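Report on the structure given below.
The values are calculated or read from the model by the stated rules, or taken from the named source; none is laboratory data. Here the structure is a predicted model, which is why all the values come from computation and not from measurement. Cβ coordinates were reconstructed from backbone atoms using ideal geometry, including for glycine residues, and neighbour counts include every protein chain displayed. All accessible areas refer to the heavy atoms of the entire protein, side chains included, with ligands and DNA or RNA removed. Shrake-Rupley method; radii C 1.70, N 1.55, O 1.52, S 1.80 Å.
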Amino acid sequence: MKSVPFRASIAALAVTALAFFLRVYRLGDKNVWWDEGWTVWLARHDFAWIALRTASDEHPPLHYWLMNVWQTVFGADAFTGRFLSLAFGVLLIALVYRIGRDMGGARLGLLAALFLTFARFNVWWSQDIKNYTLSAFFAWASVWSAWQLSQSPTNGARRTWFYVSGYAVTAALSLYAHYLGALIVLASNLFIGIVLLTRWRRGESGAPLLARWGVAQIVALCLFLPWLVVYLQNGATWSAAPAFDLSLFLQLAATVLTLGVTTFIENYAWVVLGLLAIAAASIGWLVNVNRRTTDDDRRMTNDQWRWATVYMLVITLVPPALIYILSLTPAAIFAPKIQARYLMLLTPAVAMLLALGVLFIASNFRARAARTITIALALVILAAQIYTLNDYYRDRHLRDEYQTIAQFINNFGFAQDAVVLHTDQEYPTFLYYLERPMDWVGVPNGAPVTAAVAQRVASIAAQKRAVWVVTIPDALDKDPHGLVEQEIVERLPKLYEQTFGDKRLALYTAETRNVKDVPAENFAPLEARNEELDERLKLVGVDLPVREALPGDVVRVVTYWQAQDKTTINLALQKPTGEIVARASIPISAGAHERAQGDLQIPPDAGAGELQVVAQARLNGARLGKLSVLPRDSISPNSGDANMQPRGEHFGEQIQLVGVNLPTQTFRAGDTVPLTLFWKAQAPIPTSYTVFVHLLGTQYNSAQNNFLWGQVDRLPLEGKLPTTAWSPGQIIADSYRIPFQKDASPGAYQIEVGLYDAAGRRLPVRDANGNPVGDALIIGRVEITK
């Protein structure tokens, strides 16, 4: 065994500790998303059920099995669930150091581990309840074993079979974690093939390596074969993924692998090219290996530097090509859509190539200059990584997407109730927050709701004592006429309804049910309290699901009170100076767990800082928590442009359309219509509204059951600046691209715009003179030509 300098070992431990810190930082400060909710839900079942369910899915079962054990022992909250991914992400850093050290010395291992430590993409998926770090760890453990086998003349015979068995087990485990682990296995096979071919051309015997490698592949296949049989018997039939432009894929892959950025990748082109140039410098080891090296690295042979570069190049280049080719196949055992996250397994190879490139460039200089060059290039790489990593952390803050609405059902729902998710587009996320054991029915999100679907959903749900209907924005598109709730109300009367941001909750039941005083058996606030405001009023719980918010956000604060008589609870957001910036008053009755919810809007012009959340009643008060106000991404002020057509219509009492820009009026079917709307806030807006833009034709669209031939519904500026964040007097330039359907007929089409709230209620429109014109406005016409 080769000795490792003590300083290098300490440095490796420091890098690993740094990797842990960067991955545990803000680990729980992000909402659980669809895939994470699905993982948690699936892992609640037994091993056999998980195996059968995943056999018809796109992922193998290992991660779900581990999560089953993990959340049984430690729990299933976001922080705990993500910690399993974090653990394998940190182990991967230590493993990459070991691989780099064995390939080219401690300096190569340290640089590669350091670059991977700050790699945004690796940090990202180490903070997610998914199988990517698990698969990557085992895949790269197989890479380490394959490397050791390729260097068998220097390993000694007695250790060779340890690497054979190590490779077989880790390669199989990587496949049990994610099917794309096969890409690393294929790359390793290609690398060993190149090694064997080179030995044959040199007149050296490759038979021992070929035999050992063959045994390793057979054992790995035998270990994976039981699952492969199960999958082939139950697996879904895959079809080709949507077409993806090759040049865009190459640009995406380069940006993801170097900077971990997946959006607006064109903004990083020059930085990416610079990093690729450093990585490409590693090719120098292939053409000239007689380079100066440090004392620590002189023990490495010239061939090792060459083969290390070859191996990393094969892993970096071959798998992306295979991913793209697989996405083009009309049918396959596994035909993945192009997803940036599938490239995560390759990030260690890019980190290694960056390290090899830095060391090759530095090897052209004498010792002191070489160290300076190494440090300078490493700092350049780290600066680019830290810049994008900072953007990643800035976006990690909790939002109250489902927690308050699910907690309401947890408070007042019972096992004999049913939940209807309308639609079921985000059901794993909702179910993550729903703690009450209930049956649920999903309204399919993939197609418009028909009368038959509505009847089926209502008939299933109405068999229960009560039905909770959770409506999300997708329901307004799939069920614009409210067929589902029409069918439910024919069976059960509506008792209660409330809006939570862009979602709506309704309770249908024939029973008399109290939705103010939480039953004792259901009472489980996010934070239990026991604070007396006086002898007849006690604060017993608080739900404050967010700790950070943006200017204009509405923060839902829920308090629970033990009250002996009626009173009024005042909830407020308060500056450190004592100034109240938002307030809500909620009357409560006598009860053991009276629920009082206040929706507090942070002023749109609020600066970054800290606010206290306070409650006051009967001249006494209680602090509920702290709220950090974060700065919004800067939106350039806009007073219009030279091509803006002035308008003056009013939407509701607070919003005015001051202009539009429609640069082109002639299109072909399938084209995209560019449009910019210029809005002006005339007063603070307490409600978040969705903008709709419709392309209305004269011919009936049977597929849509209306006259729409193109449509976009979304929050202003793609959610970056919701109406609640508009400051009075501010003009907002809001751009849209509305695609025409490919089968739209030639002729004239009208452009219709409007705004609606979470319940689908549209704002009334008045013209510049105050005359009502309906709940939508025609702002222009376009034409489709043949």
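Tell me the label-point distance for the pair residue 269, residue 759, using the 7 Å Cα-to-Cβ offset, in nm and rounded to one decimal.
About 4.9 nm separates the two model spin labels.
Calculate one ³J(HN,Hα) per residue across the stretch 246-255 by plugging θ = phi - 60° into the Karplus curve 6.51 cos²θ - 1.76 cosθ + 1.60, and present them in order as whole Hz with x for glycine and proline.
Running phi through 6.51 cos²θ - 1.76 cosθ + 1.60 with θ = phi - 60° gives 4, 5, 5, 4, 5, 5, 5, 4, 5, 6 Hz.
Rounding to the nearest 10 and keeping the result within 0 to 90°, find how far the Cα-based axis of helix 6-24 lies from the longest principal axis of the chain.
The helix 6-24 is inclined about 20 degrees to the chain.
At a temperature of 4 °C and a viscosity of 1.567 mPa s, determine how fast the chain diffuses translationally according to Stokes-Einstein, using the Kirkwood radius over alpha-carbon pairs as Rh; express D in µm²/s, rounded to the nearest whole number.
It diffuses with D of about 43 µm²/s by this estimate.
What is the list of residues in the stretch 710-729 whose amide nitrogen lies under 17 Å from a point 7 angstrom out from the Cα of residue 634, following Cα to Cβ?
721
Tilt of helix 451-461 relative to the longest C-alpha principal axis of the chain, in degrees (0 to 90, nearest 10)?
90
Between residue 698 and residue 230, what is the spin-label point distance in nm, taking each point 7 Å from the Cα along the Cα→C-beta axis?
For residue 698 paired with residue 230, the spin-label model returns 6.1 nm.
Between residue 536 and residue 465, what is the FRET efficiency for a Förster distance of 45 Å, r being their Cβ-Cβ separation, to the nearest 0.05?
The calculated FRET efficiency here is 0.85.
What number, in percent, do you get for the relative contact order of the stretch 714-786 if the mean sequence gap of Cα pairs under 8 Å and at least 6 apart is divided by its residue count?
Here the relative contact order equals 29 percent.
How would you order 506-516, 96-106 from highest to lowest mean count of nearby Cβ atoms within 10 Å?
Highest to lowest by the protection proxy: 96-106, 506-516.
Relative contact order for the chain: what is it in percent, counting Cα pairs under 8 Å that are at least 6 residues apart?
It rounds to 8 percent for the chain.
My understanding is that a pair violates if its Cα-Cα distance is over 22 Å; which of 626/720; 30/130; 130/503; 516/566; 478/680; 478/742 do that in this structure?
Beyond 22 Å: 626/720; 130/503; 478/680.
For the stretch 61-173, which semi-axes, largest first and in whole Å, follow from the square roots of 5 times the eigenvalues of its Cα gyration tensor?
29, 18, 9
If you plug each phi of the stretch 190-204 into the Karplus form 6.51 cos²θ - 1.76 cosθ + 1.60 with θ = phi - 60°, what whole-Hz ³J(HN,Hα) values come out, in order, with x for Gly and Pro?
5, 4, 4, x, 5, 4, 5, 4, 5, 5, 4, 5, 7, x, 8
Amide H to amide H under 5 Å from residue 593: which residues, 5+ apart in sequence or cross-chain, H placed 1.01 Å off N in plane?
Excluding prolines and chain starts, which carry no amide H, the hits are 518.
In whole Hz, what ³J(HN,Hα) sequence does the stretch 592-608 give by Karplus (6.51, -1.76, 1.60; θ = phi - 60°), x for Gly and Pro?
Rounded to whole hertz, the list is 7, 9, 5, 8, 10, 10, x, 9, 10, 9, 5, x, x, 9, 5, x, 5.
Can you sort 73, 518, 489 by 1.4 Å-probe accessible area, starting with the largest?
Heavy-atom accessible area, descending, gives 73, 489, 518.
What nm distance separates the two modelled labels at residue 713 and residue 250, each placed 7 Å from Cα along Cα→Cβ?
Label-label distance for residue 713 and residue 250, simple model: 4.1 nm.
What whole-number value in Å² describes the accessible area per residue of the chain for a 1.4 Å probe?
On a per-residue basis, the chain sits at 43 Å².
Treating the angle as unsigned and between 0 and 90°, give the value, to the nearest 10°, between the Cα long axis of helix 157-177 and the longest Cα principal axis of the chain.
For helix 157-177, the angle is close to 20 degrees.
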